[in-house]
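Structure first, then comments.
The values are calculated or read from the model by the stated rules, or taken from the named source; none is laboratory data. Only a predicted model underlies this, so the values are computations on that prediction, with no experimental measurement involved. All Cβ positions, even for glycine, are placed from backbone atoms using ideal geometry, and neighbour counts span all protein chains on display.
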Amino acid sequence: MDFDSWAFPGIACAYNNRRGNLAARSGGSRTPGAHCGLATGGRVSEIVVESVSKLWGATKAVDAVSFTAAAGQLLVLLGPSGCGKSTTLRLIAGLEAASAGRIRIGGRDVTDLPPAQRGLSMVFQSYALFPHLSVAENILFGLKVRKVPATERAARLQRVASLLGLDTLLERRPSQLSGGQQQRVALGRAIIAETPVCLMDEPLSNLDAQLRQDMRREIRGLQQKLGITMVYVTHDQTEAMSMADQVILLRQGRIEQDAAPAELYARPATTFTARFIGTPPMNLIALADGAAGAVVRGSDGPALFDDKGDGLLAGIRPEDIRIAERQGVPARIVTVEYLGADSVAACTIGDQPIAVRTPGRLNLKPAAAVSLLWSPAALHLFDAATGRRVDDDRLRRVRDRAFVASA
Amino acid sequence: MNRANMHVWGWLLLLPAAALLALFTHYPALATILHSLYSTARPNRPSRFIGLDQYATMLDDPVFHQVLWNNTIFALGTIPASIALALLMAVWVNDRLAGRGFLRLAYFTPTILPMIAVANIWMFFYTPDYGLVDQIAGLFGFARHNWLGSRDTVLGCLIVLTIWKEAGFFMIFYLAALQQMPPNLAEAAALEGASRWTFFRRVTFPLVMPTTLFVLINAVINSFRLVDHIVAMTKGGPDNASSLLLYYIFEVGFKYWDTGYAAALTVVLLALLAGLATAQFLYLDKRVHYR
Ligand SMILES: Nc1ncnc2c1ncn2[C@@H]1O[C@H](COP(=O)(O)OP(=O)(O)OP(=O)(O)O)[C@@H](O)[C@H]1O
Ligand SMILES: [Mg+2]
């Protein structure tokens with residue numbers, strides 16, 4: 001989707017106005033949703049997924065997945081392409097039938113109910129707006145189907161339209177809207193239903209960076225204000241980290257880790273998680289036994305810590321590594337990428353690649369010799385065979401006996 | 001290449017197609033109009049200019065009135081029914097159901113068959129006593145009936161046959177249109193609790209409107225263009241009860257060799273079709289395109 005250069009400021013402006021309105025109207029009220037009448041009535045709307053599987057022939061798109069989205073929470077399903085995010089979402093929506101397992105919404109078993117009876121709304125990745133209907137008719141479609149009286153329809157449309165800044169666009173057709181505006185219509189269609197549960201499938205994937213950031217904040221704000229239980233699918237980790245209360249990282253139909261964003265970043269449970277979260281992601285360096293302790297494989301020291309190193313992977317985030325003159329682990333620069341606020345240097349220690357992220361501009365030529373330092377707390381350890389994080393006790397012992405320490 | 005040169009090139013490239021079109025479409029149409037203003041040449045009387053005399057004859061020609069009336073009934077009987085049936089079948093075979101490939105083929109088969117073959121099949125259906133229709137009617141205690149031999153039923157028989165043949169053809173266009181529709185529209189509607197009928201009425205039908213216009217124009221043209229089944233089955237009989245305008249033109253032109261009158265009838269047919277097509281475009285085009 002592209003925006004003409006002159007069209008874009010218009011959108012940004014509408015957005016800003018709306019922010020202003022919202023802030024003004026919220027006044028001092030702290031109660032989420034209390035002022036706008038779009039609250040979901042405090043209904044309990046916890047989503048429980050119990051060992052749900054979905055088979056397409058022999059492929060397991062979703063494989064015995066269990067999780068809970070607490071009422072009023074924003075849960076993100078994160079994972080690489082084809083890992084089963086959309087399928088999981090469609091199973092919750094009832095657009096696909098589960099091969100096994102149960103799904104409960106608000107304490108009610110909905111596994112065998114048709115989509116309409118599950119009390120949820122959904123924003124499709126491609127918006128799924130009806131191209132021949134105006135914005136107003138698109139938003140009102142569901143209310144008309146459910147025969148909501150005309151006066152109430154008009155009132156609800158008015159509220160939703162002003163909430164989303166669509167007041168002036170109500171008569172347009174979807175094809176006459178920008179991508180961001182279409183997305184807001186899709187959002188409007190979902191929230192006017194006033195369902196306690198809302199599902200979103202990569203709703204921002206078609207937007208440019210600026211608009212995406214705005215919409216991210218907007219959706220999160222709306223979700224919190226209305227107390228909606230939201231399941232949000234994305235493959236963009238930034239989106240997941242910035243919006244979620246809880247993140248479920250999927251991999252080939254299985255849950256890799258189910259944790260809060262901070263936890264996912266601070267304590268990745270597997271090497272997969274470690275490689276998925278962070279830009280650039282966590283370095284995973286193979287270790288070996290050395291004379292004085294564990295050394296980076298293919299190098300002759302110095303030892304990182306006083307213990308065995310064989311069969312272990314050391315995990316260190318690029319942003320936790322410092323480049324020093326001496327004292328640290330000797331490394332060699334391969335390339336330096338300047339990103340504006342910071343630089344990412346690709347280095348090697350022995351035969352292991354390692355990325356280093358440092359603030360500002362780094363003036364080092366390829367093949368330059370450097371020394372790398374990090375604090376013991378930045379060190380994570382994984383079992384190379386299973387890919388699992390080593391247990392906390394062992395990690396604590398290792399961190400206590402670390403040699404490389406940043407001053 | 002400069003601008004003028006480009007235009008020359010463009011015209012040169014268009015020339016072969018334009019020449020063929022002019023030679024075989026535009027010239028004959030104009031020649032027909034001219035021809036209709038002259039009397040038919042007879043061995044003892046050469047052709048001469050008679051102005052609109054042929055058209056005056058037409059106004060008093062009871063057979064012409066009859067075939068025009070027949071054609072109106074035929075059009076009204078075949079067009080809405082075949083379009084509705086086509087849409088119904090398309091929606092049906094567009095669904096995810098077991099054996100839909102087979103079903104699509106089955107619905108499309110009548111279209112592949114030549115009209116003469118179709119006529120043969122239906123001749124058997126309509127045969128008195130032994131025919132399928134009479135046999136089934138017999139099971140319910142109805143008396144035998146000469147379906148094609150009776151003034152009251154012959155046109156109806158041709159209408160049924162034509163619907164059967166046309167619906168499959170139109171279904172293909174609707175099927176193509178339905179496949180263009182993103183499947184998540186149906187899913188979005190299902191989430192809102194829309195019934196199948198509501199979804200059809202509010203979404204599917206409006207979205208296939210452009211196809212409906214296209215199909216409608218084709219159906220109108222076909223209702224004036226089909227003669228094969230009349231030639232094969234009834235020869236316009238009994239007593240012109242199943243004769244349509246084009247078949248009458250054929251009879252006048254190539255049985256009675258009154259080519260001047262046939263030319264005049266052809267002009268009327270052309271004018272009728274052009275008028276109908278224009279009216280459809282002007283009236284429907286506005287409400288068809290939603291973009
Ligand atoms: N209708 C289908 N028939 C067969 N296989 C399917 C079908 N839909 C999905 N799959 C398979 O199931 C797996 C999960 O698909 P899904 O659409 O859930 O992935 P996703 O995580 O949403 O990926 P993306 O980020 O690319 O959208 C994939 O391997 C896919 O090929
Ligand atoms: Mg997907």
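Counting only residues that are surrounded by fewer than 16 Cβ atoms within 10 Å (Cβ to Cβ) and of a type in the set (A, V, I, L, M), the range B:181-223 holds 2 of them.
What's the number of the only condition in (1) touching a Pro at 6+ places or on another chain (Cβ under 9 Å); (2) assigned to a loop (DSSP other than H, G, I, E, B) that A:Leu113 fails to meet? Failed condition: (1).
Taken together, A:Arg118, A:Arg108, A:Arg102, A:Arg90 contain a single residue that is within 13 Å of ligand 2 (Cβ to nearest atom) and either of a type outside the set (A, V, I, L, M) or on the phi > 0 side of the Ramachandran plot (or both), which is A:Arg90. Checking each residue in the range A:286-307 for being part of a strand (DSSP E or B) and surrounded by fewer than 21 Cβ atoms within 10 Å (Cβ to Cβ) picks out A:Ala286, A:Ala288, A:Asp289. Please name all residue pairs, on different chains or six or more residues apart, with Cβ atoms under 6 Å, provided the first residue is in the range B:274-291 and is within 14 Å of chain A (Cβ to nearest Cβ) and the second residue is modelled with pLDDT of 70 or more. Close Cβ pairs (under 6 Å, with a partner that is modelled with pLDDT of 70 or more) amount to B:Val288/B:Met209; B:Val288/B:Pro210; B:Val288/B:Leu213; B:Tyr290/A:His132; B:Arg291/A:Ser175. Within the range A:233-285, take every residue that is part of a loop (DSSP other than H, G, I, E, B) and within 16 Å of ligand 2 (Cβ to nearest atom) and give me the one that is farthest from the other protein chains (Cβ to nearest Cβ). Going through the qualifying residues, I end up with A:Gln252. Among residues that are within 16 Å of ligand 1 (Cβ to nearest atom) and touching a residue at least 24 places away in the same chain (Cβ under 8 Å), A:Glu256 is included.
Filtering the range A:46-99 to residues that are within 21 Å of A:Cys198 (Cβ to Cβ) and aromatic (Phe, Trp, Tyr) leaves only A:Phe67.
So for the range A:184-201 (the condition being surrounded by 20 or more Cβ atoms within 10 Å (Cβ to Cβ), part of a helix (DSSP H, G or I) and either away from every other protein chain (no Cβ under 14 Å) or within 16 Å of ligand 1 (Cβ to nearest atom) (or both)), does at least one residue qualify? Checked the range A:184-201: at least one residue is surrounded by 20 or more Cβ atoms within 10 Å (Cβ to Cβ), part of a helix (DSSP H, G or I) and either away from every other protein chain (no Cβ under 14 Å) or within 16 Å of ligand 1 (Cβ to nearest atom) (or both). Within the range A:79-104, residues that are within 12 Å of another protein chain (Cβ to nearest Cβ) reach partners that are near ligand 1 (Cβ under 8 Å from one of its atoms) and assigned to a strand (DSSP E or B) with beta carbons closer than 6 Å, at six or more positions or on different chains, in the pairs A:Ser86/A:Asp201; A:Leu89/A:Asp201; A:Leu89/A:Val233. For the range A:112-127, the criterion of being more than 14 Å from every other protein chain (Cβ to nearest Cβ) and not aromatic (Phe, Trp, Tyr) is met by at least one residue.
Scanning the range B:178-196 for residues that are more than 7 Å from every other protein chain (Cβ to nearest Cβ) and closer than 17 Å to B:Thr211 by Cβ turns up B:Leu178, B:Gln179, B:Gln180, B:Met181.
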